[in-house]
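Participant: Dumping the structure here so I can ask a few things about it.
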Amino acid sequence: MRKQIAAANWKMNLTFTEAKDLLDAVLNNDLELAPHQLAIFAVPFPYLLMAQEVIRGYNNYFIAAQNCYFQKSGAYTGEVSVSMLSSIGTSFVIIGHSERREYFNENHQMLANKINLCFDENLKPIFCCGEPLSVREAGIQNDYVETQLAESLFHLDGSKLQDFVIAYEPIWAIGTGKTASSDQAQEMHKHIRNVMSDKYGDDIAGSISILYGGSVKAANAAEIFGQQDVDGGLVGGASLVAGEFTAIIKSLK
Ligand code: 13P
């Protein structure tokens with residue numbers, strides 16, 4: 001079975017002490033994850049080492065960065081490189097979150113560069129895609145998402161995409177309390193898998209974990225994760241509450 005993943009994206013929230021308390025609170029539940037289940041915490045840069053220390057010894061828990069820079073190194077004041085993340089033992093990094101695309105003007109090519117750097121440094125990308133409301137209303141969301149995938153991933157050799165992680169996050173569902181219905185999620189996830197299959201074949205497409213993101217909470221996680229092509233979630237607001245995120249982890253297939 002491909003990996004089922006509950007990933008917390010804390011975004012720009014929590015002080016250091018709050019962050020540590022939240023990790024402790026989730027881990028104190030002693031959730032036994034099955035071998036195919038992963039829980040990931042995407043924390044702010046200053047908390048990466050602390051978080052990695054806190055989860056040490058817990059099976060199938062991982063820490064992710066929320067971003068990285070698209071250049072390898074150099075005079076880019078304030079940026080964080082992929083090799084820096086790799087050198088401190090970070091496992092995953094979120095690439096192409098819609099907030100980065102929108103507020104920081106990240107384009108397809110920058111994201112392709114980031115993905116390449118991740119593969120060079122053995123950091124696992126969590127590649128985000130998803131359409132804004134206007135695109136959904138126009139009914140052209142499938143083409144929109146397909147372009148995002150093609151422009152940032154299709155230069156890659158298929159071997160790189162075995163067990164890859166994609167997060168589908170419709171922008172109109174992020175932080176709005178308006179979740180995509182489980183049918184809408186399944187439909188897009190199936191489309192994403194088909195797009196990957198057409199390019200790379202069924203085996204690789206079938207190994208890719210496709211997470212849903214957008215107002216996932218304890219109350220709706222099980223239904224969404226229960227869909228055939230939904231392999232867990234990328235969770236913002238609800239991941240800041242220990243009980244909510246714990247219940248979301250428990251909702252994994
Ligand atoms: P919310 O769960 O707060 O809607 O955020 C989703 C998200 O953007 C996760 O990356």
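Participant: Give the residues of the stretch 208-253 that are more than 10 Å from the ligand (Cβ to nearest atom) and hydroxyl-bearing (Ser, Thr, Tyr), sorted by residue number.
Facilitator: Within the stretch 208-253, Ser209, Thr246, Ser251 qualify.
Participant: Given the conditions (1) under 21 Å from Tyr69 (Cα atoms); (2) open to solvent by 70 Å² or more (accessible area, probe 1.4 Å); (3) away from the ligand (no atom under 14 Å from the Cβ); (4) not aromatic (Phe, Trp, Tyr), and given that Glu102 satisfies all but one, which numbered condition is not satisfied?
Facilitator: (3)
Participant: Scan the stretch 113-122 for residues that are surrounded by fewer than 19 Cβ atoms within 10 Å (Cβ to Cβ) and either small (Gly, Ala, Ser) or touching a strand residue (DSSP E or B) at 6+ places or on another chain (Cβ under 9 Å) (or both) and report the count.
Facilitator: Residues that pass the stated criteria total 1.
Participant: Can you tell me which residue among Asp202, Asp143 is under 29 Å from Tyr61 (Cα atoms) and modelled with pLDDT of 95 or more?
Facilitator: Answer to the selection: Asp202.
Participant: Among the residues of the stretch 68-89, is there at least one that is surrounded by 19 or more Cβ atoms within 10 Å (Cβ to Cβ), under 17 Å from the mean Cα position of the chain (by Cα), closer than 17 Å to Leu23 by Cα and not β-branched (Val, Ile, Thr)?
Facilitator: The answer is no, given that none of the residues of the stretch 68-89 is surrounded by 19 or more Cβ atoms within 10 Å (Cβ to Cβ), under 17 Å from the mean Cα position of the chain (by Cα), closer than 17 Å to Leu23 by Cα and not β-branched (Val, Ile, Thr).
Participant: Further question on the same structure: Being in contact (Cβ under 8 Å) with a residue 40 or more places away in the chain, open to solvent by less than 30 Å² (accessible area, probe 1.4 Å) and part of a helix (DSSP H, G or I) is the filter here; which residues of the stretch 192-205 pass it?
Facilitator: Within the stretch 192-205, Ile192, Val195, Met196, Ile204 qualify.
Participant: Return the residues of the stretch 110-153 that are free of Cβ contacts under 8 Å to residues at least 40 places away in the same chain, small (Gly, Ala, Ser) and assigned to a loop (DSSP other than H, G, I, E, B); say none if nothing qualifies.
Facilitator: Within the stretch 110-153, Gly139 is the sole residue that qualifies.
Participant: Contact list please: Cβ distance under 8 Å, first residue in the stretch 229-244 and outside any loop (DSSP other than H, G, I, E, B), second residue acidic (Asp, Glu) and open to solvent by less than 20 Å² (accessible area, probe 1.4 Å), pairs at least six apart or on different chains.
Facilitator: Qualifying pairs under 8 Å: Leu234/Glu169.
Participant: Answer yes if at least one residue in the stretch 45-65 is open to solvent by less than 30 Å² (accessible area, probe 1.4 Å) and part of a loop (DSSP other than H, G, I, E, B), and no otherwise.
Facilitator: Scanning the stretch 45-65 turns up no residue that is open to solvent by less than 30 Å² (accessible area, probe 1.4 Å) and part of a loop (DSSP other than H, G, I, E, B).
Participant: Here are Pro35, Pro125: which of them is under 25 Å from Ser207 (Cα atoms), open to solvent by 40 Å² or more (accessible area, probe 1.4 Å) and modelled with pLDDT of 95 or more?
Facilitator: Values: Pro125 fails: open to solvent by 40 Å² or more (accessible area, probe 1.4 Å).
Going through Pro35, Pro125 in turn, just one is under 25 Å from Ser207 (Cα atoms), open to solvent by 40 Å² or more (accessible area, probe 1.4 Å) and modelled with pLDDT of 95 or more: Pro35.
Participant: Yes or no: Ala180 in a loop (DSSP other than H, G, I, E, B), in contact with a helix residue (DSSP H, G or I) (Cβ under 7 Å, 6 or more places away or on another chain) and open to solvent by less than 10 Å² (accessible area, probe 1.4 Å)?
Facilitator: The answer is yes for Ala180.
Participant: Shifting gears a bit: Answer yes if at least one residue in the stretch 6-29 is assigned to a loop (DSSP other than H, G, I, E, B), of a type in the set (Gly, Ala, Ser) and surrounded by fewer than 24 Cβ atoms within 10 Å (Cβ to Cβ), and no otherwise. Give the derivation first.
Facilitator: Taking the stretch 6-29 as the starting set, the residues that turn out to be assigned to a loop (DSSP other than H, G, I, E, B) are 10-15, 28-29.
Subset that is of a type in the set (Gly, Ala, Ser): none.
The answer is no; no qualifying residue exists.
Participant: Still on this structure: Determine which single condition Gly175 fails, assuming it passes every other condition in (1) open to solvent by 30 Å² or more (accessible area, probe 1.4 Å); (2) more than 11 Å from the ligand (Cβ to nearest atom); (3) under 26 Å from Ile115 (Cβ atoms).
Facilitator: With (1) open to solvent by 30 Å² or more (accessible area, probe 1.4 Å); (2) more than 11 Å from the ligand (Cβ to nearest atom); (3) under 26 Å from Ile115 (Cβ atoms) applied to Gly175, the lone miss is (2).
The values are calculated or read from the model by the stated rules, or taken from the named source; none is laboratory data. All values reported here derive from a predicted model rather than from experimental measurement. Positions of Cβ are backbone-derived with ideal geometry, glycine not excepted, and every protein chain shown enters the neighbour counts. To get the accessible areas, we keep the full protein, side chains included, count just its heavy atoms, and leave off ligands, DNA and RNA. Shrake-Rupley method; radii C 1.70, N 1.55, O 1.52, S 1.80 Å.
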